[in-house]
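Participant: Pasting a structure here, questions to come.
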């Protein structure tokens, strides 16, 4: 039983990955992208083009992939032809109405038909536009889950785009140390591998609840431009300095 208790205690310390003393709290955790977007397909269709590969840079609005749906192309073309026809008819009837050759009601009916044709074309255009899968943000492509020729189901994840520069950490702080944490307090992250360079950051969020199972509270820290020095996913030791420790240092 003593061995089991020691094992459980050691396991808890490994999961929390914390080194605590009277002055600071150090937690080991990975750096993750502050902005990350999973890209989904909007319809059932076959993949026609994949324009970017893993590692490529993209900007918001870039067409990552193109699905093929011939039925939507035909529908949009037919709607466009119907719209042009309705607009041409409206233009001719506008001339006739100016010459008092048709009634106001007849002209109103033609205008209504042209508006309906325009709405039908816009709807068809929107459906066709959904075949283009657009990047929702600036960043880097880190996942591409499909290739040309694949049959894609609606709402399936096809790619992932991240901002590799601004990185975040999620710290799970023990309840008894939570009073020392406040929003905007400074953090320092030291990579566990590679160049030993301290990265400055700050607390940007504190969860309003405590996990009853672990007795910890989730604290989010932001490290601006940390991607210049480390890759997303890198393990770091994040130091949280207590306010009273900082004030004592100043007083000395």
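Participant: Please go through the range 134-160 and pick out each residue that is buried (at least 20 other Cβ atoms within 10 Å of the Cβ) and over 20 Å from residue 43 (Cβ atoms).
Facilitator: Passing the criteria: 139, 141.
The rows are residues; the columns are (1) farther than 30 Å from residue 102 by Cβ; (2) surrounded by fewer than 13 Cβ atoms within 10 Å (Cβ to Cβ); (3) assigned by TED's automatic domain parsing to the domain that holds residue 227; (4) touching a residue at least 60 places away in the same chain (Cβ under 8 Å).
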site	(1), (2), (3), (4)
30	yes, no, yes, yes
50	yes, no, no, yes
54	yes, yes, no, yes
61	yes, yes, no, yes
64	yes, no, no, yes
80	no, no, no, no
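Participant: As an exercise: evaluate residue 223 against (1) crowded, with 17+ Cβ neighbours inside 10 Å; (2) modelled with pLDDT under 95 and give the number of the one condition it does not meet.
Facilitator: (2)
Participant: Those residues that are part of a loop (DSSP other than H, G, I, E, B) and touching a strand residue (DSSP E or B) at 6+ places or on another chain (Cβ under 8 Å), I need them from the range 175-198; list them, please.
Facilitator: Of everything in the range 175-198, those that are part of a loop (DSSP other than H, G, I, E, B) and touching a strand residue (DSSP E or B) at 6+ places or on another chain (Cβ under 8 Å) turn out to be 181, 182, 183, 184, 185, 192, 193, 196, 197, 198.
The values are calculated or read from the model by the stated rules, or taken from the named source; none is laboratory data. Since this is a predicted model, take the numbers as computed values, not measurements. Note: ideal-geometry Cβ built from the backbone for every residue, glycine included; neighbour counts use all protein chains shown.
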